[in-house]
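**Student:** Input: one structure, supplied below.
What follows is calculated from the coordinates using simple rules that are stated; it is not laboratory data. These numbers come from a predicted model, not from an experiment. Virtual Cβ from ideal backbone geometry, glycine too; neighbours counted across all protein chains shown.
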Amino acid sequence: MPGRLFLTTPLEDIAHWLGVGRDGVPRQEPRRNIQPGQNIIALTDAGFEEMRWGIVPVGRVNARGRPVMETIINARSETVFEKSAFDGVGRAVVVVDGWYEWTGEARKKTAWRISGEVPLIFAAITDVWTAPGGREVKQAAMVTCEPNDDLRPIHHRMGVLLKPQDVDLWLNGTVKEVEDLMQPWPNGKLTIERADDVDWAAA
């Protein structure tokens, strides 16, 4: 949806692939198990920025005016620009080599690794939480949509994936202009395999 992420390709190579230049790209060790609540690297109009994966919705309310209590890890594409809980959010993309999902019952779950022929570009929204003491924490959440036929047996949602040429439109386009981007990824372009070799206790 995604559940966890992995990124082993150097960020400098990703920057070159996206054509955004390598100046100011943060250094990052290979990460094979990126979990919600941990920091990720997101690309905004200002360049690559470190953000917390998960929006702490302090001060945000739902359609009934009640505080949003749960941390927002993923946001539904169908309502992300309509819900009051997302008023004023920014946009970013998160580039990874792939992500993990699970199927099955508790204690009998099967982990799946999903990747592509090239790095995958997730559409994301961003927010800034002002923590006690005034420290500002940049945050991000992935935008999700209906799954394609490849993912449907594994999960009922998938992250919105973008082509490199659509990144600028996602970052700068109007809500109307980006609506067509929030679609399931074409079938046959993802590799799905069991992830029995992952140390889930490691980062």
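**Student:** Rounded, prolate or oblate: which fits the stretch 94-197, taking a ≥ b ≥ c as square roots of the Cα gyration tensor eigenvalues, rounded meaning a/c under 1.5, else prolate when a/b beats b/c?
**Tutor:** Taking the square roots of the gyration eigenvalues as a ≥ b ≥ c, the stretch 94-197 is oblate.
**Student:** While we're on this one: With a cut-off of 8 Å between alpha carbons and a minimum separation of six or more residues, what is the relative contact order of the chain in percent?
**Tutor:** It comes to 22 percent, rounded to a whole number.
**Student:** Another question, if that's okay. Along the stretch 155-161, what does the Karplus equation 6.51 cos²θ - 1.76 cosθ + 1.60 (θ = phi - 60°) give for ³J(HN,Hα), rounded to whole Hz, x for Gly and Pro?
**Tutor:** 8, 7, 9, 9, x, 6, 9
**Student:** Which residue, ALA141, GLY116, SER84, has the largest displacement toward the positive end of the dipole of the stretch 48-203 when charges sit on each Cβ (Lys, Arg +1; Asp, Glu -1)?
**Tutor:** So the residue we want is SER84.
**Student:** Let me ask something else about it. Gaussian network model of the chain, Cα springs within a sub-10 Å range: biggest mean-square fluctuation belongs to which of VAL175, VAL93, VAL143?
**Tutor:** Ranking VAL175, VAL93, VAL143 by mean-square fluctuation puts VAL175 first.
**Student:** Place a +1 charge on the Cβ of each Lys and Arg in the stretch 88-130 and a -1 charge on the Cβ of each Asp and Glu, then give the dipole magnitude about the Cα centre in debye, rounded to the nearest 20.
**Tutor:** 200
**Student:** Of the residues LEU169, LEU151, LEU43, which exhibits the maximal mean-square fluctuation in a Gaussian network model of the chain defined by a 10 Å Cα contact cut-off?
**Tutor:** Of LEU169, LEU151, LEU43, the most mobile in the Gaussian network model is LEU169.
**Student:** Also, I was wondering about something else. Quick one: dipole size for the chain, taken about the Cα centre, charges +1 on Lys/Arg Cβ and -1 on Asp/Glu Cβ, in debye to the nearest 20.
**Tutor:** The calculated dipole for the chain is roughly 740 debye.
**Student:** When the chain is treated as a GNM, springs tying every alpha-carbon pair under 10 Å, which of ASP166, ASP45, ASP23 comes out with the largest mean-square fluctuation?
**Tutor:** Highest fluctuation among the options: ASP23.
**Student:** Run the count for the chain, please: Lys pairs, Cα-Cα under 21 angstrom, 8 or more apart or on different chains.
**Tutor:** For the chain, qualifying lysine pairs total 4.
**Student:** Continuing with the same structure: Could you work out [θ]222 nm for the chain from helices alone, using -39500 (n - 2.57) per DSSP H run of at least four and dividing by all its residues? Round to the nearest 500 deg cm²/dmol.
**Tutor:** Taking each H run of at least 4 residues, the total per residue is -2000 deg cm²/dmol.
**Student:** Please arrange ASP97, ASP168 by counting, for each residue, the other beta carbons lying within 10 Å of its beta carbon, fewest first.
**Tutor:** With the fewest neighbours first, ASP97, ASP168 line up as ASP168, ASP97.
**Student:** Just how far, in whole angstrom, is the stretch 93-158 from the stretch 18-50 if you go by their alpha carbon centroids?
**Tutor:** A separation of 15 Å, based on Cα centres.
**Student:** Sort the chain into rounded, prolate or oblate with this rule: let a ≥ b ≥ c be the square roots of the eigenvalues of the Cα gyration tensor; rounded if a/c is under 1.5, and if a/c is not under 1.5, prolate when a/b is larger than b/c, oblate otherwise.
**Tutor:** rounded
**Student:** I want the local charge near PRO36. Using Cβ-Cβ distances under 11 Å, sum +1 for each Lys or Arg and -1 for each Asp or Glu among the other residues.
**Tutor:** Surrounding charge for PRO36 is +2.
**Student:** Shifting gears a bit: Under 10 Å from the Cβ of TYR100, count the other residues' Cβ atoms, weight Lys and Arg +1, Asp and Glu -1, and hand me the total.
**Tutor:** Neighbour charge sum, excluding TYR100 itself: +2.
**Student:** Taking square-rooted eigenvalues a ≥ b ≥ c of the alpha carbon gyration tensor, is the stretch 1-113 rounded, prolate or oblate, where a/c under 1.5 means rounded and, failing that, a/b exceeding b/c means prolate?
**Tutor:** oblate
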